[in-house]
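Just so it is clear, none of the values below were taken in a lab; they were calculated from the coordinates. Not measured: the values here are computed from a predicted model. All Cβ positions, glycine included, derive from the backbone under ideal geometry; neighbour counts span all protein chains shown.
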Amino acid sequence: MNYEEAVAYLLDIPKFTSKNPLTHTKELLRLLGNPQEGKKVIHVAGTNGKGSVCAYLQALLLSEGKQVGFFTSPHLVKMNERIRFNQNMITDTQFLETFEVVYEKVKEMGNEGQAHATFFEFLFAMAMVAFEKENVEYIILETGLGGRLDCTNAVERPFLTIITSISLDHTEILGDTVEKIAMEKAGIIKTGVPVIFDGSNEEAADVIRREALKKQVPCKEISKNAFKILENTRKHIAFSSMNAYYGDTTWRLSNCGLYQAMNAMLALEAFVYIAEERHLAIWKKALEDVHWEGRMEELKPGVILDGSHNPGAIEAFIESVRAFPENFGEKIVLLFSAVKDKHYEKMIQMLCSSLPIHTVVVTKINNLRAVETQELAQVFERYTDAEILAEEDLKKAFELAEERKGKEGRLYCLGSLYLAGMLKALAEQEEL
């Protein structure tokens with residue numbers, strides 16, 4: 001196969017596979033020589049903020065000269081984004097080489113009557129093979145869905161675990177309460193392996209505390225009182241930590257999402273556990289230089305791209321928008337799309353009740369699970385008197401939304417990471 005054929009093969013996998021047990025993933029890793037062993041794996045689960053925490057932690061590790069592999073999902077534009085070495089995504093040549101290694105073992109398992117690897121399982125195995133070849137010291141491993149049964153949980157002895165904010169998402173799989181979802185996320189906690197977690201939600205925090213106690217692990221909880229926002233602008237936020245270890249350091253992030261302060265604190269607290277010496281100035285520069293795409297990202301002047309796709313993320317998005325009182329004197333326009341298995345009506349209700357929306361343009365993403373534009377329009381009409389426009393063609397929808405924004409307004413594009421990825425692709429092709 002060539003690179004394009006390998007990508008096409010991976011994209012076809014969901015058509016003929018279903019969820020495999022962890023024993024299946026462990027067998028695949030065993031056939032590959034257990035490439036994950038001997039690495040310091042930092043395992044990260046949570047509903048929102050996983051990718052950002054991983055990106056901040058990657059930057060901190062690199063600032064100290066560590067060799068770092070990073071496995072993340074989903075990708076926005078290109079599948080290679082999911083496997084990174086020292087911040088750079090895997091090349092097409094490396095991607096194909098690792099694909100072929102894993103493909104041979106998947107075929108071998110199939111010949112023995114075992115199930116085919118799932119899409120995510122295949123990519124996870126590819127990442128582990130690639131990281132072994134690159135001889136990285138640290139692997140930052142982001143779970144895909146949940147934690148307890150996620151194939152990344154086949155790593156039996158991680159170096160450290162992190163659990164980010166928890167809220168309702170994937171309820172049909174993980175459970176319909178925060179406590180049930182927290183229990184699934186807490187499934188990554190291993191006996192003797194320290195856990196650092198976001199304690200903002202008391203229901204989730206209580207579950208994680210109990211699980212940490214049961215597994216007898218060192219447990220560090222980060223609350224909203226652990227830091228103080230000092231400044232927020234359209235381009236950045238600045239915050240200080242209440243922990244004396246950091247002294248009077250003012251941390252600055254190149255992002256206007258207030259929720260990123262918590263994500264950066266989780267990464268910092270994890271890194272302090274790892275770091276041999278304290279280099280606050282170096283760490284400060286590392287965090288400030290992070291640009292994590294699709295999270296309150298300014299796509300072009302006055303146009304913000306945010307991957308918020310569940311109620312918890314929408315709540316954090318609203319908090320960030322409302323932090324600028326001047327927004328309420330501006331024209332706020334939304335470009336919105338969603339997939340069927342998300343709580344999109346709740347998301348829409350939250351947006352409409354919290355923001356002075358002038359116009360909403362709904363569109364349809366290129367995904368089998370996409371919600372129809374007319375359905376989205378009807379839901380918005382139930383909750384707002386704002387102008388609602390429906391346009392299935394994404395490029396036309398964006399142009400329509402930008403036209404409604406005018407020169408002085410603000411356009412927020414949100415509702416799905418698929419939408420974020422499609423807009424990024426159009427921007428890269430200079431079609432926006």
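Listing for the model above:
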quantity: Positive-end residue of Y103, I196, A6, charge dipole of the chain with Cβ unit charges; calculated: I196
quantity: Nearest-20 debye value, the chain charge dipole, Cβ charges on Lys, Arg, Asp, Glu; calculated: 980 debye
quantity: Fluctuation leader among R30, R252, R295 - the chain, Gaussian network, Cα springs under 10 angstrom; calculated: R30
quantity: Residue among K300, K15, K66 with the largest mean-square fluctuation in a Gaussian network model of the chain, springs linking Cα atoms under 10 Å; calculated: K15
quantity: The range 98-176 versus the range 63-78: alpha-carbon centroid distance in Å; calculated: 14 Å
quantity: Cβ-Cβ FRET estimate between K395 and T177, R0 fixed at 45 Å, reported to 0.05; calculated: 0.65
quantity: Extreme residue, positive dipole direction of the chain, given options N135, L426, L230 (C-beta unit charges); calculated: L230
quantity: Choice from Y418, Y344, Y273 with maximal GNM fluctuation in the chain (Cα, 10 Å cutoff); calculated: Y273
quantity: Selection from Q349, L305, A316, by position along the positive dipole direction of the range 245-352 (Cβ); calculated: Q349
quantity: Charge dipole (debye, nearest 20) of the range 189-336; +1 at Cβ of Lys and Arg, -1 at Cβ of Asp and Glu; calculated: 200 debye
quantity: Extension gain, E293 back to K78 (0.36 nm per residue minus Cα-Cα distance, nm); calculated: 76.1 nm
quantity: Label-point gap, in nm, between A427 and I229 - each point 7 angstrom along Cα→Cβ; calculated: 2.2 nm
quantity: Mean ellipticity per residue at 222 nm, deg cm²/dmol - from DSSP H runs of n ≥ 4 across the chain, formula -39500 (n - 2.57); calculated: -13000 deg cm²/dmol
quantity: In nm, spacing of pseudo-spin labels at K133 and E108 (7 Å Cα→C-beta vector); calculated: 1.6 nm
quantity: For the range 140-252, diffusion coefficient by Stokes-Einstein and Kirkwood Rh (Cα), 37 °C, 0.692 mPa s, µm²/s; calculated: 213 µm²/s
quantity: For the range 120-241, size of Cβ-based charge dipole, Lys and Arg +1, Asp and Glu -1, in debye; calculated: 440 debye
